[in-house]
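See below for the structure under consideration.
Please treat every number below as a calculation from the coordinates, not as lab data. It should be emphasised that the depicted structure is a prediction, and the values quoted were computed from it without experimental measurement. No Cβ is skipped: glycine too gets one built from the backbone with ideal geometry, and neighbour counts run over all protein chains shown.
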Amino acid sequence: MRPIRAACLGTATVLVTLLACAPVADAAATDTDFAHAKGGDRVITLIGHLVQQTRFPVNPGGPPAQGDRTVFRSDLYDEHDNQVVGETDGTCTTTRAADINNQAEVCVVNYNFPSGQLTVQGMVFGNLTASPPPSFDNAITGGTGVFDRARGMVHADTIGVGKRRFTIDLDS
């Protein structure tokens, strides 16, 4: 398949890509400016900026189809001082595309920080045609380093073109 560059992609694909662009840095994982208590949980809020995205369509030039794949990378910024603290790298595969009102993708994303990685996965609904893309929640399925045995969820909100707010809620 021949890739289609990000400039040719719709807003929905950019949103999906932003889901994968939320890394968590050492500072974000340990500094109280980045994390606050929520019932014993640790909450980290980061801003993701899409850096690179490539879509591999099943039907080049056609509408979204089951099996389409998007690969992306985003830089993650501390929401308070706008410093890069990590990055996200991930893929999304279209699982349901025929019904324009009920489209879905399954995404697997790594949030990469100097002190470890978080792995996140889940479904994203309505991102293939929606403008702006809707918010979504995905599960934290594990991690490495300071995030060893991590569990919790990531909530993503679109806050601009190619830009998302990621709220990472780590269970204690």
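Couple of notes before you dig in:
- Simple Cβ-charge dipole of the stretch 78-172, Lys/Arg +1 and Asp/Glu -1, about Cα centre, in debye nearest 20: 200 debye
- Translational D in µm²/s for the stretch 98-172 (Stokes-Einstein at 4 °C, 1.567 mPa s, Kirkwood Rh from C-alpha pairs): 97 µm²/s
- Difference of contour (0.36 nm per residue) and Cα-Cα distance, N102 to N82: 3.6 nm
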